Amino acid sequence: MERTTLDLWVGIFIAAGIGAILVLALKVGNMSSLDGSNSYQVYAYFDNIGGLKPRAPIKSAGVVVGRVARIEFDAKQYRAKVTFDLDRKYQFSKDSTASILTSGLLGEQYVGLETGAEDDMLKAGDTIQFTQSAVVLEKLIGQLMFNKAGSGNHK
Amino acid sequence: MLDRLANWLRKIGHSAIEGIWRLGYAGKFMLLTLLGSGSSFTRIGLVVRELYYTGVRSLVIIIVSGLFVGMVLGLQGYETLQRYGASSSLGVMVALALVRELGPVVAALLFASRAGSAITAEIGLMKATEQLSAMEMMAVDPISRVVAPRFWSGVISMPLLAAIFNAMGIFGGYLIGVVLIGLDEGSYWSQTHAGVDFRYDILNGIIKSFVFGIAVSAIAVFEGYDSPPTAEGVSGATTRTVVTSSLVILFLDFILTSFMFRGV
Amino acid sequence: MQSENFLEVKDLNFTYDTRPILKGINMTIPRGKVVAIMGGSGCGKTTLLRLIGGQLKPSRGHVKFDGRIIHELSRRELYETRRKMGMLFQFGALFTDLSVFDNVAFQMREHTDLPESVIRDLVLMKLHAVGLRGARDLMPNELSGGMARRVALARTIALDPMLIMYDEPFTGLDPISLGVIGNLIRKLNDALGATSIVVTHDVLESFQIVDYVYFVSEGAIVAHGTPEELQKSTVPFVHQFIHGEIDGPVPFHYPAADYPEDLALESGNA
């Protein structure tokens, strides 16, 4: 089969298309949604997750180390069961603490993960024992007012 | 009065049956196209030739429109975002809008009116001038020789065109945001990079454009093959291709979006 | 062998929607002959060709080609059989996106694995036969009507078919091209040892080249015979057709109400 300029143009077109996809993938997007082979899953139970959403980042020392995979309601414990997808590169001790934090005053919520002192590391399927729920603004204000009133009486 | 009502009902019923008939015929035609696709892959030259007409010939309009859509998004987005002091998020906004929605949808609409109509007109004219009949008499199946390569070239070009559209649009947004308005280039890109997920946003966008490609190509080849073999017939079929494709694209977009991006 | 009936059409009926197009056509075409099917416009001649080519299925009756009934063939067998047929369409039906050379080479490339050098030689031979070897690089839109018809003819005979069908080969040609095509039909038929069916309404040209003529009117055969016999025919339709008379069995007026009545010239209304 002879080669023609038509083939050349089609080649250019396909190369441009694939190039565009690559640009989008590398320059614009990030591959952070870890697929099964690069991540392991651990669970954590929270009393209140506030406004946490699936795919929210999990940060340790401010660096993204994973993403929230699923959020479910555990009907036995009446708590929220959150599944974390953690990057296989990073290991955390068994007594790590997971807390739900807010970036800025009104920003999105994320999970902060602080490693503990134990030598044993979290494995896939483990549950993080120490959790700190989201701060709910209304509750905080309520508590503040209650405390103020209490301290006033004692005076 | 009653007569007129009965007549009216009869007309509606008639066109409903006609529509279902046509749908069945279209389904049968698609099946034949898929069954006749073997030669499109064994003789790749046939598809390459059509890729030139559907893909390469659509490049200019895709590149130019992508650039302008991106620049408009940049201007409008900046206008709104800066009110909330979030102008550094311009990159994310432009990229997400393009990758998730505007890229696949606008590229598909352009593709339908540029390449889809051309496919319909070409097949329709081949039918009107008895070229398809002649092919059949030469023991060559027109569905596998003419229809299938055009269908597959459309299916292949659409995601590529949408990706090019997206890349051009993001470049257009960059031109406005960074070059014209003077946002910080580093934070523009890093925000974009952090905010756009490959699998969730980009891959879903590519899947969308792939689905649109199948829909537009199928409609275009069917309308062409089904067009009455007259001048009015072919022109009517060409118009129908553009109208039906556009509606189907928007409808499918709604369905796909509600599946892909459900309140997460 | 010579007298064997190569193509046999028996009691062929075809109905489109509910409108009967062909009503009980019978004809036998011996091997090696050139046969004309004549009739007015819209009498079902083209439909007949499509039935022979298996593009349509008859409502009743059958077409037997080389001993096999066309509409009972499977799709594969039908395509096999069609390789032995060639059909020249009314306006040539050349592939407008291919050059003259590629048009003629089309079937060879589709159906054979011949090397390109052999295909080249074959194509040039076919083009030479129709006198257009020099036009091989032109595109169909650069050809005149007569030339396009000749290229289409070269394409039709590309694989040396046993049966060649011509659908109105003379329509829209000037007298010179008309003579050229007529000549080619006869010469190619004899050179290839093929059998030809010419559907036409051109009496003068076809009577010079054909061996036998069938006259079709309103979906039925009204007369048949050799050109000489038909020249002397007294069948009113044939007489009218051959001599181009305005009124006769084929009326000048489309069926309508009485003329004066239509114009409301009745004494009462006037």
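For labels at B:THR239 and B:LEU175 in the simple 7 Å Cα→Cβ model, what's the distance in nm?
Going by the 7 Å Cα→Cβ label model, 3.6 nm.
Probe of 1.4 angstrom, ligands and nucleic acids ignored: what's the accessible area per residue over the stretch A:36-142, in square angstrom?
So the stretch A:36-142 comes to 58 Å² accessible per residue, rounded to a whole number.
What are the residues whose amide H is under 5 Å from the amide H of C:SER217, where those residues sit 5 or more places off or on another chain and H is modelled from the backbone?
For C:SER217, the qualifying residues are C:VAL222.
Over the stretch B:45-260, with every protein chain in place, what whole percent of the accessible area is carbon and sulfur at 1.4 Å, could you tell me?
That share works out to 70 percent.
Taking the Cβ of B:SER157 as the center, what net charge do the other residues with Cβ under 14 Å away carry, scoring Lys and Arg +1 and Asp and Glu -1? Present the calculation step by step, with values, prior to reporting the outcome.
Numbers: positive: B:ARG49, B:ARG57, B:ARG114, B:ARG150; negative: B:GLU50.
Its environment carries a net charge of +3.
Between C:LYS57 and A:GLU72, what FRET efficiency comes out of the Förster formula 1/(1 + (r/R0)^6) with R0 = 60 Å and r the beta carbon distance, rounded to 0.05?
Working: r = 62 Å, r/R0 = 1.03.
That gives a FRET efficiency of 0.45.
Once the Cβ-Cβ distance between B:GLU185 and A:LEU137 is put in as r, and R0 is 30 Å, what FRET efficiency do you end up with, to the nearest 0.05?
In this case the efficiency is close to 0.25.
May I ask you to list the chymotrypsin sites (Phe, Trp or Tyr not before Pro) in the stretch C:193-270 that are in a DSSP loop and have at most 13 other Cβ atoms within 10 Å of their Cβ?
Hits after loop and neighbour filter: C:PHE252.
Of B:LYS127/C:LYS23; A:LYS89/A:LYS123; A:LYS59/A:LYS81; C:LYS33/C:LYS187; A:LYS59/A:LYS139, which sit over 20 Å apart, Cα to Cα?
Flagged as over cut-off: B:LYS127/C:LYS23; A:LYS59/A:LYS139.
Out of the total accessible area of the stretch C:145-207 (probe 1.4 Å, heavy atoms of protein only), what percent is carbon and sulfur? Let's see the in-between values first.
Details: 1180 of 1960 Å².
Exposed carbon and sulfur together represent 60 percent of the surface.
222 nm [θ] for chain A, helices only, -39500 (n - 2.57) per DSSP H run of 4+, per residue, to 500?
-8000 deg cm²/dmol
Can you list the residues in the stretch B:101-130 whose accessible area drops by at least 30 Å² when all protein chains are present, compared with the chain alone? Use a 1.4 Å probe, heavy atoms only.
Output list: B:GLU130.
Quick one: if you stick a label point 7 Å off each Cα along the C-beta vector at C:ASP262 and A:LYS148, how many nm between them?
In this crude spin-label approximation the distance works out to 10.1 nm.
Out of A:ASN30, A:ASN38, A:ASN48, any idea which swings most in a Gaussian network model of chain A, alpha carbons joined below 10 Å?
Sorting by GNM fluctuation, first place goes to A:ASN30.
If the cut-off is a Cα-Cα distance under 25 Å, which lysines reach B:LYS208, setting aside same-chain residues fewer than 8 apart in sequence?
Those lysines meeting the cut-off are A:LYS27, A:LYS53, B:LYS28.
So what is the calculated 222 nm ellipticity per residue for chain B, using -39500 (n - 2.57) for each DSSP H run with n of 4 or more, over all residues, to the nearest 500 deg cm²/dmol?
Theoretical 222 nm ellipticity from helices: -25000 deg cm²/dmol.
Near C:PRO236, within a Cβ-to-Cβ distance under 15 Å, what is the net charge of the other residues, with Lys and Arg +1 and Asp and Glu -1?
Local net charge: -2.
Buried accessible area for the A:B pair, summed, 1.4 Å probe, in Å² rounded to 100?
Working: alone 11140 and 14100 Å², together 22730 Å².
Chains A and B together bury roughly 2500 Å² of accessible area.
Looking at the protein assembly as shown, send over the antiparallel percent of its DSSP beta bridges, to the nearest 5.
Restricted to the protein assembly as shown, the bridges split so that about 65 percent are antiparallel.
At 222 nm, what helix-only mean residue ellipticity would chain C give, in deg cm²/dmol to the nearest 500, using -39500 (n - 2.57) for each DSSP H run of four or more?
After summing the helix terms and dividing by residue count, I get -10500 deg cm²/dmol.
Heavy-atom accessible surface, probe 1.4 Å, ligands and DNA/RNA ignored: which residues of the stretch B:135-167 lose at least 20 Å² versus the isolated chain?
B:MET135, B:GLU136, B:MET137, B:MET138, B:ALA139, B:VAL140, B:ASP141, B:ARG145, B:LEU160, B:ALA163, B:ILE164, B:ALA167
Per residue, how many Å² of accessible area does the stretch B:46-201 show with a 1.4 Å probe?
34 Å²
Name the long-range amide H neighbours of A:ARG70: under 5 Å, sequence gap of 5 or more, or other chain; modelled H, no Pro or chain starts.
A:THR83
Could you report the buried accessible area between B and C, both sides summed, computed with a 1.4 Å probe and given in Å² to the nearest 100?
On the way: alone 14100 and 14290 Å², together 26540 Å².
Summing both sides, the interface buries roughly 1800 Å².
With every protein chain present, what is the per residue accessible area of the stretch C:5-233 (1.4 Å probe, Å²)?
Heavy-atom SASA per residue in the stretch C:5-233 reads 43 Å².
To the nearest Å, what is the center-to-center distance of the stretch A:57-100 and the stretch B:182-253, using C-alpha atoms only?
Centre-to-centre (Cα) distance: 38 Å.
Quick check: from the Cα gyration tensor, does chain A come out rounded (a/c under 1.5), prolate or oblate?
Prolate, since a/c reaches 1.5 and a/b exceeds b/c.
From the square roots a ≥ b ≥ c of the eigenvalues of the alpha-carbon gyration tensor of the stretch C:74-223, which class results: rounded (a/c under 1.5), prolate (a/b over b/c), or oblate? Could the numbers behind the result be given before it?
Working: a/c = 1.90, a/b = 1.34, b/c = 1.42.
Oblate, because a/c is 1.5 or more while a/b does not exceed b/c.
The values are calculated or read from the model by the stated rules, or taken from the named source; none is laboratory data. Because the structure is predicted, anything quoted here is derived from the model rather than measured. Neighbour counts are summed over all protein chains in view; Cβ atoms, including those assigned to glycine, are modelled from backbone coordinates with ideal geometry. Only protein heavy atoms, including side chains, enter the accessible area calculation; ligands, DNA and RNA are left aside. Shrake-Rupley method; radii C 1.70, N 1.55, O 1.52, S 1.80 Å.
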